[in-house]
Amino acid sequence: MRVKVKAKIARPREQEIPISTEFIKLDSFLKLANAVETGGMAKELISQGQVRVNGETCLQRGKKLRPGDTAELDGRLFKVTAE
């Protein structure tokens, strides 16, 4: 007898990061979220296609993120929220 096992795809745990402005640029947001140590590191990771915004790969370090948007890096998910 065969038993079907459903594999669960692990979703990254979401961490909420509040901003006090209308928007924040992606590279600055990654620094604010402590996802990277420096802006240069953020720039490099974004240009290599390692960052996803709202589920899609983003190559724009100046991409404007607003409350409700998410950024994902290295299996970590960060959600922009209003302060």
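Overview of results
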read-out: Using a Förster distance of 25 Å, the FRET efficiency for Gln50-Thr81 (Cβ separation, nearest 0.05); value: 0.60
read-out: For the chain: lysine pairs under 17 Å (alpha-carbon distance), excluding those fewer than 8 apart on one chain; value: 12
read-out: Counting DSSP beta bridges with both ends in the chain, the antiparallel % (nearest 5); value: 65
read-out: Listed values (i) 37, 34, 18; (ii) 58, 29, 20; (iii) 51, 27, 14, entry calculated as Cα extents along the principal axes in Å; value: (ii)
read-out: Exposed trypsin sites (Lys or Arg not before Pro) absent - longest run of the chain, DSSP non-H/G/I/E/B, at most 13 other C-beta within 10 Å; value: 14-83
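No value in this document is a laboratory result; all are computed from the given coordinates. Keep in mind that this is a model prediction, so the values were computed, not measured. Every residue, glycine among them, receives a Cβ derived from its backbone with ideal geometry; neighbour counts consider all protein chains shown.
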